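Visitor: Supplied in structure tokens, the structure appears directly below.
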Amino acid sequence: MRFKGLDLNLLVAFNVLIETRSVSRAAEQLHLSQPAMSAALGRLRDYFGDDLLVLQGKRMFPTAYAESLVPMVQDTLRQIDALISTSTSFDPATSQRTFRLIASDYITAAIIAPLSRRLATSAPSIRLESILPSDGSADLIAQGAFDLLITPEDFTNPNQPAELLFEERHVIVGWNRNPVFERPLTEAHLLEASHVGIQMGNQRTSAFADKMMEQMGRLRRIDMTASSFTVVPWLIIETHRLALMHERLARQMASMFPLAIAPIPFDFPLMREMMQYNRARANDEGLQWLREQLRIDSRLP
């Protein structure tokens with residue numbers, strides 16, 4: 001398809017070339033031969049009248065003009081993607097669509113895993129791809145590289161739409177033979193115990209519950225830290241350690257591990273878990289359907 005003399009497929013090639021800065025890697029990503037990708041770069045250079053990518057040593061670097069084109073090209077591709085997604089009616093029973101999600105291991109275990117089991121029957125050809133959140137998660141949504149980010153409200157991008165998925169309570173979890181659970185758990189018992197904390201990503205960001213405890217001035221002895229919520233059972237079983245855990249995940253974990261659950265013995269804020277997507281996909285029928293399916297599996301019995 002051409003628009004004003006430009007083969008629109010070349011915009012996809014341009015975007016991948018800029019991301020990879022390599023003709024061979026771009027060719028591999030787009031399932032093209034290296035000569036075909038070199039030819040695509042040549043046609044882009046002819047059309048725009050600029051080198052776009054310049055070889056320096058063994059690496060290619062974009063020109064200033066190419067850098068200026070990047071946001072416009074990416075926005076155009078997002079709009080085209082939205083057009084294609086919304087111009088065709090979505091039927092989950094027959095769709096072969098792949099949804100790309102950014103979600104923590106907690107959300108994957110508590111929400112996405114039950115959803116995937118249910119969709120195996122009702123939407124057998126739908127694929128779900130999930131990666132863990134990172135410091136650049138909000139940017140991936142803004143770029144249209146992923147369909148949905150599921151994250152606490154504090155980590156959403158105010159420039160993109162977000163809606164509430166659910167509100168989560170936190171509970172105290174420990175080994176079911178830990179004597180602290182033999183009587184009602186008090187604040188003193190909680191603060192005197194050793195704990196497992198969660199710190200995520202390269203910046204070692206504290207999880208919501210750990211951050212709230214710090215802000216409330218309730219200091220605990222953190223004996224161990226982990227970067228994953230789902231490894232916590234292995235770190236507390238056969239020990240006297242405790243952990244703050246999301247209620248949904250705690251219920252699932254307690255059905256598989258020898259765990260005890262107790263309420264936090266003082267008022268503790270609810271965590272608002274949000275779904276964020278690119279505003280260009282606001283009318284995407286498939287994404288609307290997926291958000292509703294996630295709501296179904298987020299409901300507590």
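Visitor: Report, by residue number, each residue of segment 282-296 that is farther than 23 Å from residue 158 by Cβ, more than 17 Å from the chain's Cα centre (by Cα) and surrounded by 13 or more Cβ atoms within 10 Å (Cβ to Cβ).
Guide: If the condition is that a residue be farther than 23 Å from residue 158 by Cβ, more than 17 Å from the chain's Cα centre (by Cα) and surrounded by 13 or more Cβ atoms within 10 Å (Cβ to Cβ), then 285, 286, 289 are the ones that fit.
Visitor: Considering only residues of segment 156-172 that are closer than 22 Å to residue 252 by Cα and among the acidic types (Asp, Glu), which is surrounded by the most Cβ atoms within 10 Å (Cβ to Cβ)?
Guide: Within segment 156-172, the match that is surrounded by the most Cβ atoms within 10 Å (Cβ to Cβ) is 168.
Visitor: Counting only residues that are surrounded by 15 or more Cβ atoms within 10 Å (Cβ to Cβ) and part of a helix (DSSP H, G or I), how many does segment 85-112 have?
Guide: 10
Visitor: Within segment 115-142, track down each residue that is out of contact with any Leu (no Cβ under 9 Å at 6 or more places or on another chain) and aliphatic (A, V, I, L, M). Full working, then the answer.
Guide: At the first step, the residues of segment 115-142 found to be out of contact with any Leu (no Cβ under 9 Å at 6 or more places or on another chain) are 117-118, 120-125, 127, 132, 135-136, 139, 142.
The answer is 120, 123, 132, 142.
Visitor: So which of 219, 244 ends up being surrounded by fewer than 16 Cβ atoms within 10 Å (Cβ to Cβ) and touching a helix residue (DSSP H, G or I) at 6+ places or on another chain (Cβ under 8 Å)?
Guide: 219
Visitor: Name, by its number, the condition in (1) assigned to a helix (DSSP H, G or I); (2) surrounded by fewer than 17 Cβ atoms within 10 Å (Cβ to Cβ); (3) not small (Gly, Ala, Ser) that does not hold for residue 232.
Guide: (2)
Visitor: Within segment 182-214, how many residues turn out to be farther than 30 Å from residue 112 by Cα and in a helix (DSSP H, G or I)?
Guide: Looking only at that region, the number is 7.
Visitor: With segment 1-80 as the region, which helices (runs of 4 or more DSSP H) entirely inside it contain at least 2 residues that are more than 27 Å from residue 147 (Cβ to Cβ) and not aliphatic (A, V, I, L, M)?
Guide: Fully inside segment 1-80 and qualifying: 34-48.
Visitor: What residue, among those in segment 22-34 that are of a type outside the set (A, V, I, L, M) and closer than 20 Å to residue 57 by Cα, is surrounded by the most Cβ atoms within 10 Å (Cβ to Cβ)?
Guide: The qualifying residue surrounded by the most Cβ atoms within 10 Å (Cβ to Cβ) is 22.
Visitor: Taking residue 279 as meeting all but one of (1) surrounded by fewer than 21 Cβ atoms within 10 Å (Cβ to Cβ); (2) in contact with a His (Cβ under 8 Å, 6 or more places away or on another chain), write down the number of the exception.
Guide: Unmet condition: (2).
Visitor: Which of (1) of a type in the set (Gly, Ala, Ser); (2) in contact (Cβ under 8 Å) with a residue 40 or more places away in the chain; (3) surrounded by fewer than 18 Cβ atoms within 10 Å (Cβ to Cβ); (4) closer than 30 Å to residue 22 by Cα is the odd one out, the single condition residue 66 does not satisfy?
Guide: Tallying (1) of a type in the set (Gly, Ala, Ser); (2) in contact (Cβ under 8 Å) with a residue 40 or more places away in the chain; (3) surrounded by fewer than 18 Cβ atoms within 10 Å (Cβ to Cβ); (4) closer than 30 Å to residue 22 by Cα, residue 66 fails exactly one: (3).
Values quoted throughout were computed directly from the atomic coordinates according to the rules given, and no laboratory measurement underlies them. The model shown is predicted, which means the values in this text are computed figures rather than measured ones. Note that each Cβ is placed from the backbone with ideal geometry, even for glycine, and that neighbours are counted across all protein chains shown.
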